[in-house]
Amino acid sequence: MATISNLFIDQGTTFTTTISVADGNGIALDLTGYSGIAQLRKTYESITSVGFNVSFETPRTNGQVTISLTDAQTSALESGKYVYDVVLTSNTGIKSRVLEGVLTIVEGVTI
(Lines give C-alpha, C1' and ligand atoms only; values in the text may rest on other atoms or scores of the structure.)
Protein backbone atom coordinates (compact mmCIF):
# COMPACT_ATOMS: atom_id res chain seq x y z
CA MET A 1 0.00 0.00 0.00
CA ALA A 2 1.25 3.44 -0.93
CA THR A 3 2.17 6.11 1.57
CA ILE A 4 -0.16 9.10 1.37
CA SER A 5 1.46 12.52 1.31
CA ASN A 6 -0.26 15.73 0.29
CA LEU A 7 2.06 18.20 -1.44
CA PHE A 8 2.00 21.97 -1.91
CA ILE A 9 3.94 23.51 -4.81
CA ASP A 10 4.31 27.23 -5.50
CA GLN A 11 3.33 27.97 -9.10
CA GLY A 12 6.32 29.00 -11.24
CA THR A 13 8.95 27.45 -8.97
CA THR A 14 11.18 24.40 -9.20
CA PHE A 15 9.94 21.50 -7.07
CA THR A 16 12.03 18.59 -5.78
CA THR A 17 11.39 16.03 -3.06
CA THR A 18 13.09 12.77 -2.12
CA ILE A 19 11.10 9.71 -1.08
CA SER A 20 12.52 6.97 1.14
CA VAL A 21 11.15 3.55 0.15
CA ALA A 22 11.24 0.77 2.75
CA ASP A 23 9.98 -2.80 3.04
CA GLY A 24 7.38 -3.93 5.57
CA ASN A 25 10.02 -4.02 8.31
CA GLY A 26 11.14 -0.43 7.73
CA ILE A 27 14.40 -1.45 6.02
CA ALA A 28 15.43 0.57 2.96
CA LEU A 29 14.43 -1.21 -0.23
CA ASP A 30 17.28 -1.97 -2.66
CA LEU A 31 16.13 -0.17 -5.82
CA THR A 32 18.86 -1.58 -8.06
CA GLY A 33 17.30 -2.36 -11.44
CA TYR A 34 14.07 -0.46 -10.71
CA SER A 35 12.49 2.14 -12.98
CA GLY A 36 9.97 4.75 -11.95
CA ILE A 37 7.17 6.91 -13.26
CA ALA A 38 5.22 9.67 -11.52
CA GLN A 39 2.36 11.77 -12.82
CA LEU A 40 -0.12 14.38 -11.72
CA ARG A 41 -3.60 14.87 -13.14
CA LYS A 42 -6.46 17.27 -12.41
CA THR A 43 -8.66 14.27 -11.50
CA TYR A 44 -8.22 10.50 -11.54
CA GLU A 45 -10.28 10.40 -14.75
CA SER A 46 -8.30 13.12 -16.57
CA ILE A 47 -6.81 12.10 -19.90
CA THR A 48 -3.97 14.64 -19.76
CA SER A 49 -1.15 14.36 -17.26
CA VAL A 50 2.11 16.03 -16.32
CA GLY A 51 5.06 13.75 -15.72
CA PHE A 52 7.49 14.29 -12.90
CA ASN A 53 11.18 13.76 -13.52
CA VAL A 54 12.10 10.58 -11.59
CA SER A 55 15.64 9.73 -10.51
CA PHE A 56 17.22 7.27 -8.10
CA GLU A 57 19.72 8.41 -5.48
CA THR A 58 23.13 6.70 -5.28
CA PRO A 59 23.63 4.13 -3.96
CA ARG A 60 20.32 2.59 -4.97
CA THR A 61 20.54 0.28 -1.97
CA ASN A 62 19.51 3.27 0.22
CA GLY A 63 15.98 3.14 -1.24
CA GLN A 64 15.67 6.82 -2.19
CA VAL A 65 13.81 8.20 -5.21
CA THR A 66 13.65 11.87 -6.16
CA ILE A 67 10.76 13.40 -8.08
CA SER A 68 10.87 16.90 -9.50
CA LEU A 69 9.12 19.44 -11.70
CA THR A 70 10.76 22.36 -13.47
CA ASP A 71 9.67 25.96 -13.01
CA ALA A 72 8.30 25.85 -16.59
CA GLN A 73 6.15 22.83 -15.71
CA THR A 74 4.71 24.40 -12.56
CA SER A 75 4.14 27.72 -14.40
CA ALA A 76 2.00 25.89 -16.96
CA LEU A 77 -0.26 24.41 -14.25
CA GLU A 78 -3.37 26.28 -13.13
CA SER A 79 -3.58 26.87 -9.40
CA GLY A 80 -5.72 24.34 -7.56
CA LYS A 81 -5.84 20.71 -6.52
CA TYR A 82 -4.51 17.73 -8.46
CA VAL A 83 -3.93 14.04 -7.72
CA TYR A 84 -0.55 12.37 -8.14
CA ASP A 85 1.24 9.08 -7.59
CA VAL A 86 4.66 7.46 -7.90
CA VAL A 87 4.94 3.92 -9.29
CA LEU A 88 8.13 1.84 -9.26
CA THR A 89 8.70 -1.22 -11.44
CA SER A 90 11.19 -3.90 -10.35
CA ASN A 91 13.56 -5.61 -12.76
CA THR A 92 11.15 -8.60 -12.67
CA GLY A 93 8.23 -6.42 -13.82
CA ILE A 94 6.42 -6.05 -10.48
CA LYS A 95 4.79 -2.62 -10.15
CA SER A 96 4.28 -0.93 -6.79
CA ARG A 97 2.64 2.40 -6.03
CA VAL A 98 4.89 3.83 -3.32
CA LEU A 99 3.44 7.32 -2.88
CA GLU A 100 0.16 9.08 -3.68
CA GLY A 101 -1.91 12.02 -2.60
CA VAL A 102 -3.35 15.42 -3.39
CA LEU A 103 -1.05 18.04 -4.85
CA THR A 104 -1.98 21.71 -4.55
CA ILE A 105 -0.52 24.30 -6.90
CA VAL A 106 -0.41 27.58 -4.99
CA GLU A 107 -0.78 30.71 -7.09
CA GLY A 108 1.85 33.37 -6.57
CA VAL A 109 2.28 37.04 -7.30
CA THR A 110 5.70 36.71 -8.93
CA ILE A 111 5.86 34.00 -11.59
Completion exercise
Quick P(r) readout (the range 50-99; Cα-Cα; 10 Å bins; whole %) gives 19, 47, 26, 8
Completion exercise
With T = 20 °C, eta = 1.002 mPa s and Kirkwood Rh from C-alpha pairs, the Stokes-Einstein D of the chain in µm²/s is about 147 µm²/s
Completion exercise
Mean Cβ-within-10 Å packing, highest first, puts peptides 59-65, 24-30 in the order 59-65, 24-30
Problem - Mean residue ellipticity (222 nm) of the chain, computed from DSSP H runs ≥ 4 via -39,500 (n - 2.57), nearest 500 - result: -1000 deg cm²/dmol
Exercise for the section: In vacuum, with every alpha carbon of the range 1-43 counted as one equal point scatterer, what does the Debye formula give for log10 I(q)/I(0) at q = 0.15 Å⁻¹? Two decimals, please. Expected result: -0.58
Fill in the blank from the handout: With every protein chain kept in place and a 1.4 Å probe, the range 1-93 has an accessible area per residue in Å² of 59 Å²
Exercise for the section: Would you mind telling me the share, in percent, of accessible area of the range 16-74 contributed by carbon and sulfur at probe 1.4 angstrom? Expected result: 50 percent
Handout entry: Cα centroid separation - the range 47-111 against the range 11-32, whole Å
Key = 11 Å
Fill in the blank from the handout: Semi-axes of the range 21-62 from the Cα gyration tensor (sqrt of 5 times each eigenvalue, largest first, whole Å) come to 27, 13, 7
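The values are calculated or read from the model by the stated rules, or taken from the named source; none is laboratory data. Everything quoted here is computed from the prediction, not taken from an experiment. Backbone-built Cβ (ideal geometry, glycine too); neighbour counts: all protein chains shown. Accessible surface is based on the protein model in full, side chains and every heavy atom, while ligands, DNA and RNA are left aside. Shrake-Rupley method; radii C 1.70, N 1.55, O 1.52, S 1.80 Å.
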